[in-house]
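Input: a single structure, listed below in structure tokens.
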């Protein structure tokens, strides 16, 4: 067989092979290098000396590092709260835009979707000004509406400190994440709603079904796989959230908003303990991968 004939027969594999090898190298080398470093004590404080320590970093993480477990708890808290609100609001807003025809609908939808187009760092800086305890617009609105007196009387909150108070910093950061990324959920769900068949709706209307019955028994089950995709995408992003947290609080006050991402960054570039930080990255990678696979399995169950 001539070389030209072999080339023509296998061109489908030959043409993309260089790109595939390059991309796989970009993915495999950083991962492998990080895993290797996780078994060492590499630190700038040790100079050029790097020693192989085996599983010591992992043992310290799981058995001796209370700060790690606190970061895990805050990561789960931030992600769970953000996901619950974003998915619920995103689906409801998508259904509202899909079901209602009103003047300026396209303009309103475009304005609503603009939030997720902004740079997260810029969003964080703007919200820092909004949350500012003494001159921030949010405290001004709370006072002007009379909510401050209600909160002081019934919730025992003397002053709204938002991101400067350890009790309210995570919910405040979640509020920023909700504002920016709820439109993404809505956009995906709107696309899913556009593909639904109208026949079940026509049959339900003929049978006298109420709008609530139509939503819960027809619309919601039919778009459940789409919601699952949107939730999975946001879940991975929420677990990895770094920019708004670091810009707004740097993990503070104290460690009150220090998630796994922030803790790993601090261990790397504040304490320069790269071996331990690499072990944290590996643990974080396995954690995100495990949660994602679990949600993906649950989403496949919705499609069956």
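The values are calculated or read from the model by the stated rules, or taken from the named source; none is laboratory data. Treat the numbers as computed from the prediction; the structure is a model and nothing was measured. Note that we place each Cβ from the backbone using ideal geometry, even for glycine, and neighbour counts take in every protein chain shown.
Total residues in the stretch 127-139 satisfying the condition of being part of a helix (DSSP H, G or I) and exposed (fewer than 13 other Cβ atoms within 10 Å of the Cβ): the figure is 2.
Contact map, the stretch 107-121: first residue within 12 Å of residue 97 (Cβ to Cβ), second residue modelled with pLDDT under 85, Cβ cut-off under 9 Å, separation 6 or more or different chains; pairs are 108/97; 108/102; 109/97; 112/97.
Taking every residue in the stretch 9-23 that is without any contact (Cβ under 8 Å) to a residue 40 or more places away in the chain and pairing it with any residue that is assigned to a helix (DSSP H, G or I), at least 6 positions away or on another chain, the pairs with Cβ-Cβ distances below 9 Å are 14/7.
Residue 197: under 16 Å from residue 98 (Cα atoms) and loosely packed, with under 15 Cβ neighbours inside 10 Å, yes or no? It is true that residue 197 is under 16 Å from residue 98 (Cα atoms) and loosely packed, with under 15 Cβ neighbours inside 10 Å. What about residue 94, is it buried (at least 18 other Cβ atoms within 10 Å of the Cβ) and in contact with a helix residue (DSSP H, G or I) (Cβ under 9 Å, 6 or more places away or on another chain)? Judged against the criteria, residue 94 is a match.
For the stretch 257-266, indicate whether the set of residues that are touching a strand residue (DSSP E or B) at 6+ places or on another chain (Cβ under 7 Å) and over 28 Å from residue 87 (Cβ atoms) is non-empty.
There is no residue in the stretch 257-266 that is touching a strand residue (DSSP E or B) at 6+ places or on another chain (Cβ under 7 Å) and over 28 Å from residue 87 (Cβ atoms).
Every test in (1) closer than 30 Å to residue 72 by Cα; (2) buried (at least 19 other Cβ atoms within 10 Å of the Cβ); (3) modelled with pLDDT of 85 or more is passed by residue 179 save one, and that test is (2). Filtering the stretch 171-214 to residues that are in contact (Cβ under 8 Å) with a residue 24 or more places away in the chain, touching a helix residue (DSSP H, G or I) at 6+ places or on another chain (Cβ under 7 Å), over 14 Å from residue 127 (Cα atoms) and in a helix (DSSP H, G or I) leaves 181, 182, 183, 184, 185, 186, 187, 188, 189, 190, 192, 193.
Among the listed residues 57, 37, 139, 51, which satisfies the condition of being free of Cβ contacts under 8 Å to residues at least 60 places away in the same chain and closer than 30 Å to residue 264 by Cα?
51
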